[in-house]
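The values are calculated or read from the model by the stated rules, or taken from the named source; none is laboratory data. What you see is a predicted model, and the numbers here were worked out from it, not measured in a lab. For neighbour counting, all protein chains shown are included, and Cβ atoms are generated from backbone atoms with ideal geometry for every residue, glycine included.
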Amino acid sequence: MDFKSFYLRHDPLTEEKFLYKIRKLPQKCWGGIGLFDTTISMKKAVVTSTAVTGAVLAAPGAADAAIGDDTLYPETENEDVEQLQGLLKDKGHFTYHSLTGRYDEHTIDAVKSFQREHDLMIDGIAGPETFGALLTDTAKPEEKVAGTSTSDKKVTLGSSTVIRQGDESAEVEELQRQLSSLGFYNGEQHGYYGRQTKAAVKRFQTDAEIAIDGIAGPQTFAALKSTDNPVSATPSSDHTADKTSDNTFKIIESGDKGSTVSLLQRQLKDLGFYNKDVTGVFGPMTEEAVRKFQQKNQLEIDGLAGPKTLNKLKNNPIDAGSTTDGSDAESTKNVNTTEELRYQSSGEEVEQLQEQLRQLGYMKMRATGVFGEVTEKAVKDFQEENNIESNGIADVRTLEHIDDMVNGEEKEETEADTASDMSSNQKVNATNLVADAAEQVGTPYVWGGTSESGFDCSGFLQYIFQESGIGLPRTVADIYDRGESVENPRVGDIVFFETYTDGPSHAGIYTGNNQFIHSGTSTGVTVSDMETSYWDERYLGAKRFR
């Protein structure tokens with residue numbers, strides 16, 4: 001009996017795992033095995049020495065540590081992680097330029113991407129199910145046809161179902177299908193509850209005259225069930241993005257690209273709301289311009305260019321320089337003051353309140369539109385610091401005081417930033433620098449990339465600073481060697497991190513609030529939080545180039 005047959009008889013494995021175990025044997029065990037460089041020769045290897053058989057069976061540390069035998073977790077660093085990265089790279093999920101053997105954020109993202117593609121639990125941990133799919137020739141699932149369910153079973157949206165922004169499930173896909181059939185949703189039915197889905201839910205809730213919170217719960221599903229015919233929205237017949245008919249159900253939002261975005265930017269620029277170049281990419285600056293336009297034209301301020309916003313752009317829009325009855329400050333001041341906001345309140349007014357509290361530093365979480373315990377505590381803290389009865393209820397007095405502080409702080413910050421950023425010893429305006437960087441959010445990562453078609457880490461920095469007339473070296477290490485070291489970064493400074501090698505190996509542009517914008521290998525150009533454990537542990541310092 002040859003060695004392979006003997007081994008498989010005592011430890012049944014796939015042939016692939018058998019070959020891997022053989023490769024893991026110490027070098028001294030190879031003498032009695034006829035092994036060759038090619039996989040074909042390896043498969044034909046026959047053991048002629050019983051001493052080798054004994055060595056194999058007596059060396060579990062060497063022979064049994066095959067990839068997939070043990071679950072691999074984030075922050076692990078060993079040879080198995082490197083093997084995992086190799087498998088993920090072969091299948092197109094691990095896009096980092098080298099196999100590091102460290103289970104870092106790039107590996108986590110790659111594992112999640114693989115798990116999502118193969119309908120596994122998306123937890124970023126490489127366990128038995130994940131390895132089972134990786135180590136077999138599992139074919140990539142067929143592309144879903146729009147409108148079909150992720151399973152053969154009928155998905156029911158019942159009295160106990162609650163789904164909201166950020167969720168991803170078959171229930172979300174079914175919700176999108178129903179909203180689409182009623183004309184409230186015109187996007188892809190992909191099962192992810194994003195901003196477009198939330199906006200569609202809000203429109204349906206408005207039409208159905210139920211609580212408008214953008215959360216699909218029992219009340220929303222009951223209203224959907226009772227609606228037999230399409231309601232007020234009219235769906236587009238062919239869903240083409242460039243149709244501009246007043247009846248076309250179209251939403252342009254953050255992350256979108258193309259001619260429709262270019263047209264939107266030109267329209268906003270002509271009216272004085274957008275002062276950047278027309279790029280065809282809907283980034284943060286475009287969204288801010290949309291919000292300003294909506295505010296000036298008394299539309300719902302959501303940053304989404306939907307039918308009402310697009311129609312207003314074409315029909316008698318109010319430009320940025322026009323004065324309306326009552327100043328802009330008065331039109332934005334106290335949209336909230338018609339009623340008290342308190343625990344369990346929900347809607348646009350709560351979302352605005354949360355955004356203001358966040359702006360003033362009383363909240364860290366993003367606005368949700370639901371008045372929960374975190375919002376109540378933030379209101380109490382604000383009231384306590386401003387000598388208002390600290391009861392956690394946002395009454396008229398509290399809301400007016402918040403508006404006054406937000407408007408006053410914005411003015412002071414603008415004046416201070418202008419004076420600081422345009423001082424004589426600075427070469428570049430930090431606001432413009434960050435704005436240029438923000439417009440590139442969503443651009444893919446490309447190794448060696450230095451253009452808008454794709455950036456690597458240092459290529460992104462070099463491109464953005466060049467836009468402001470400052471030349472930077474090509475590598476992160478060389479950039480680190482230049483510039484003025486600063487103890488605490490300011491907006492526009494470059495922050496450096498030690499990732500895959502000793503010393504500075506990754507960097508981004510500081511945008512304030514402990515956030516920075518950078519080109520990540522698994523994310524492309526994105527904004528990240530420096531306070532997360534991954535970045536916090538790897539932070540090296542900041543340099544100023546202005």
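Within region 209-267, restricting attention to residues that are within 24 Å of GLU174 (Cα to Cα), among the hydroxyl-bearing types (Ser, Thr, Tyr) and modelled with pLDDT of 80 or more, which residue is nearest to the chain's Cα centre (by Cα)?
Once the filter is applied, the top-ranked residue is SER254.
For region 336-358: of the residues being at pLDDT below 85 and touching a helix residue (DSSP H, G or I) at 6+ places or on another chain (Cβ under 6 Å), which is farthest from ILE210 (Cα to Cα)?
Checking each candidate, the answer is THR337.
Condition test on ARG116, is it farther than 14 Å from THR71 by Cβ, without any contact (Cβ under 8 Å) to a residue 12 or more places away in the chain and not β-branched (Val, Ile, Thr)?
Taking the combined requirement at face value, the residue satisfies it.
If you scan region 268-284, which residues turn out to be surrounded by fewer than 20 Cβ atoms within 10 Å (Cβ to Cβ), at pLDDT 85 or above and not in a loop (DSSP other than H, G, I, E, B)?
LYS269, the sole residue that qualifies.
So, GLN294, is that one touching a helix residue (DSSP H, G or I) at 6+ places or on another chain (Cβ under 9 Å), polar (S, T, N, Q), without any contact (Cβ under 8 Å) to a residue 40 or more places away in the chain and surrounded by 19 or more Cβ atoms within 10 Å (Cβ to Cβ) or not?
yes
Can you tell me which of ALA507, ALA477 is of a type in the set (Gly, Ala, Ser), touching a Leu at 6+ places or on another chain (Cβ under 9 Å) and not in a loop (DSSP other than H, G, I, E, B)?
Of the residues listed, the single one that is of a type in the set (Gly, Ala, Ser), touching a Leu at 6+ places or on another chain (Cβ under 9 Å) and not in a loop (DSSP other than H, G, I, E, B) is ALA507.
Counting just the residues of region 361-373 that are at pLDDT 80 or above and closer than 17 Å to ILE402 by Cα, which one comes out surrounded by the most Cβ atoms within 10 Å (Cβ to Cβ)?
If we take residues in region 361-373 being at pLDDT 80 or above and closer than 17 Å to ILE402 by Cα, then PHE371 is surrounded by the most Cβ atoms within 10 Å (Cβ to Cβ).
The rows are residues; the columns are (1) over 22 Å from GLU288 (Cβ atoms); (2) among the polar types (S, T, N, Q); (3) assigned by TED's automatic domain parsing to the domain that holds THR107; (4) touching a strand residue (DSSP E or B) at 6+ places or on another chain (Cβ under 8 Å).
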| residue | (1), (2), (3), (4) |
| --- | --- |
| ASP436 | no, no, no, no |
| ASP456 | yes, no, no, yes |
| GLY469 | yes, no, no, no |
| ASP481 | yes, no, no, no |
| SER485 | yes, yes, no, yes |
| ARG490 | no, no, no, yes |
| THR521 | yes, yes, no, yes |
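Can you tell me which of THR475, THR523, THR501 is under 29 Å from GLY101 (Cβ atoms), surrounded by fewer than 22 Cβ atoms within 10 Å (Cβ to Cβ) and in contact (Cβ under 8 Å) with a residue 60 or more places away in the chain?
THR523
Tell me yes or no: at least one residue of region 97-107 is farther than 21 Å from SER505 by Cβ and either under 22 Å from the mean Cα position of the chain (by Cα) or at pLDDT 85 or above (or both).
Scanning region 97-107 turns up no residue that is farther than 21 Å from SER505 by Cβ and either under 22 Å from the mean Cα position of the chain (by Cα) or at pLDDT 85 or above (or both).
So, in region 274-304, of the ones that are within 19 Å of the chain's Cα centre (by Cα) and of a type in the set (Gly, Ala, Ser), which residue ends up nearest to GLU351 (Cα to Cα)?
Taking the candidates together, the pick is GLY303.
Report whether or not GLN440 is outside the structural domain of GLN354 (by TED's automatic domain parsing), at pLDDT 85 or above and closer than 17 Å to GLY283 by Cβ.
Yes.
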